[in-house]
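The values are calculated or read from the model by the stated rules, or taken from the named source; none is laboratory data. Quantities reported herein were computed from a predicted structural model and do not represent experimental measurements. Neighbour counts are summed over all protein chains in view; Cβ atoms, including those assigned to glycine, are modelled from backbone coordinates with ideal geometry. Ligands, DNA and RNA are excluded from the accessible area calculation, which covers all protein heavy atoms including side chains. Shrake-Rupley method; radii C 1.70, N 1.55, O 1.52, S 1.80 Å.
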Amino acid sequence: QVQLVESGGGLVQAGGSLKLSCAASGRSFNVKVMGWFRQAPGKERDFVAAVNWNGVNTYYSDSVKGRFTISRDNTKNMLYLQMNSLKPEDTAVYYCASDPLRDYKGDYAYWGQGTQVTVSS
């Protein structure tokens, strides 16, 4: 079992930066693919980024590639999302997730509660 808790969301001006954190607990944390997703009100949940078990391989949606960086620190059981050059369209609730069911862009087995990111014009 995996438990996930996000933090670090907030209000930021367009062009600014935020760093989200996800604290994970449970067995076999180090071997799990983990990802970040986001969901705006009335919209579908969208894939943002994913990282493999040792942090070497990363994957990004086209909308965030070059602006966001996903990373993990397995010694601390932490997942991060550094968000730079933020745009109003990045406004959403951001969720961390662990253990994809089929592929890293789709559904995962475990989800955090979400943290709100609001980017103002």
Q: Might you tell me the accessible area per residue for region 1-61, computed with a 1.4 Å probe and given in Å²?
A: 54
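What is the gain in length, in nm to one decimal, between Asn57 and Ser121 on full extension, counting 0.36 nm per residue of separation less the C-alpha to C-alpha distance? Present the calculation step by step, with values, prior to reporting the outcome.
Numbers: separation 64, 0.36 × 64 = 23.04 nm, distance 3.31 nm.
Length gained, Asn57 through Ser121: 19.7 nm.
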Q) How much length is gained if the chain between Arg67 and Arg102 is pulled fully straight, taking 0.36 nm per residue apart and subtracting their Cα-Cα distance, in nm to one decimal? A) 10.0 nm
**Q.** trypsin sites (Lys or Arg not before Pro) lying in DSSP loop within region 1-98, provided at most 13 other Cβ fall within 10 Å
**A.** Arg27, Lys43, Lys65, Lys76
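Quote to one decimal, in nm, the extra length available between Lys43 and Lys87 on full extension: 0.36 nm per residue of separation minus the C-alpha distance between them.
Values: separation 44, 0.36 × 44 = 15.84 nm, distance 1.71 nm.
Extending this stretch completely gives an extra 14.1 nm.
Within region 68-121, what whole-number % of the accessible surface is contributed by carbon and sulfur, with the 1.4 Å probe and all protein chains included in the calculation?
Here carbon and sulfur together make up 47 percent of the probe-accessible area.
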Q | Distance between modelled label sites at Lys76 and Ser25, nm, 7 Å Cα→Cβ extension | A | 1.8
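Given +1 on the Cβ of Lys and Arg, -1 on the Cβ of Asp and Glu, and no further charges, what dipole in debye does the chain carry about its Cα centre, rounded to the nearest 20?
In debye, rounded to 20, the chain gives about 180.
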